[in-house]
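Let me begin by presenting the structure, written as structure tokens, before commenting on it.
The values are calculated or read from the model by the stated rules, or taken from the named source; none is laboratory data. Given the structure is predicted, the values throughout are model-derived calculations rather than measurements. Here the Cβ positions follow ideal geometry from the backbone for every residue, glycine too, while neighbour counts run over all protein chains shown.
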Amino acid sequence: MNEYRGKHASSVPWTVSSSASSRYRSRHMKRSRRRRNTWIILAVLLALLAALPFLDAMYIRVDRHALTSDNLPSDIGHLRIVYVSDIHYGFFFPDSRVQALVSTINGLKPDLILFGGDIGDSPEDAAAFYRRLSSLHVRYAMLGVLGEADHGVDDLARAVVTDAMRDAGVTPLVNDVVPVRIGTSMIQVAGLDDVQTGKPALTSLAARTSVEDYVIFLSHNPSVIPSAHRAEDRSGKLGWFDLALFGHTHGGQIWGFSDLLNIAGDVEDRYLHGWMVENRSDLLISNGAGTSVIPARFLCPPQIHCIDVSLP
């Protein structure tokens, strides 16, 4: 016997209409897609943020800076210097990047090219880098100092680098002052041996210069700056250099984490990076072109420098 359902009772159970069910499923699917897309976008952004320091380390900037100096000989009038430091040629700075670097330097048409040390990850790497500079062009001279990575553990390792420098036309400066003839005048380039692995002789180096000359001072490590300001020229006068160029610090390389990377722990914070003027001298602490420990940079972009010096 059929159960009595009442006069107006439906003969089938109550159900949600198919159109309502479809709308519900559609809304649910749209919300799921939005959540999924949001997570995908966040994952992509996080991946890009993680990759950015590694990508940034690959792109070398050219820092252009103009200086004036009363000491620049009047018949020179203008001098263009390209300064390169801390390349760390090796696994993370291969030959393809060397060729790109050489092309960039040639495009700047330098009068002088100066190398600031730590050119390789080892003396052998530094020597190999210099052997790859046959297509590098300069108007007057190339000179350079050694960093702790270039030096090696003994004089024999150092000689491997300095011999390769000479073969490439680069004058190695190891506690030495070299005059560079430009036209009918001379400027002086003074280079200090590395503070950590070499035998720096700052006092005797300064004593071979004169405040009357235009002097460029090269030292890989900027920790020597206070001592350099106290050193005297051959006449016992302070202020023996006009322009000083340093590297070593990488500008911190990864801002906020340089202590963890053990980069430039021997350098005062005020000498970590950038341009400054002290005791009439222009100072540059370069971020360098390469990287150390890991091939990444953050807020410390790799750089080389194009410096134009002229009379006031």
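Just a few scattered comments:
- Selection count where residues are of a type outside the set (A, V, I, L, M) and either more than 21 Å from LEU72 (Cα to Cα) or out of contact with any Ser or Thr (no Cβ under 8 Å at 6 or more places or on another chain) (or both), scope segment 238-257: 10
- Strands (runs of 3 or more DSSP E) wholly inside segment 46-118 containing at least 1 residues that are farther than 22 Å from GLY183 by Cα and either touching a helix residue (DSSP H, G or I) at 6+ places or on another chain (Cβ under 6 Å) or not aliphatic (A, V, I, L, M) (or both): 61-68, 112-115
- THR209 at pLDDT 95 or above, crowded, with 17+ Cβ neighbours inside 10 Å, of a type in the set (Ser, Thr, Tyr) and over 26 Å from SER292 (Cα atoms): yes
- Some residue of segment 114-135 being acidic (Asp, Glu), closer than 19 Å to GLY288 by Cα and surrounded by 24 or more Cβ atoms within 10 Å (Cβ to Cβ): yes
- Test set (1) within 16 Å of GLY116 (Cα to Cα); (2) surrounded by fewer than 17 Cβ atoms within 10 Å (Cβ to Cβ) - VAL224 fails condition number: (2)
- Residues being at pLDDT 95 or above, among the hydrophobic types (A, V, I, L, M, F, W, C) and within 19 Å of PHE129 (Cβ to Cβ) - total across segment 63-92: 3
- Candidate set: segment 134-158, residues that are under 19 Å from the mean Cα position of the chain (by Cα) and assigned to a loop (DSSP other than H, G, I, E, B); chosen: the one farthest from THR197 (Cα to Cα): VAL145
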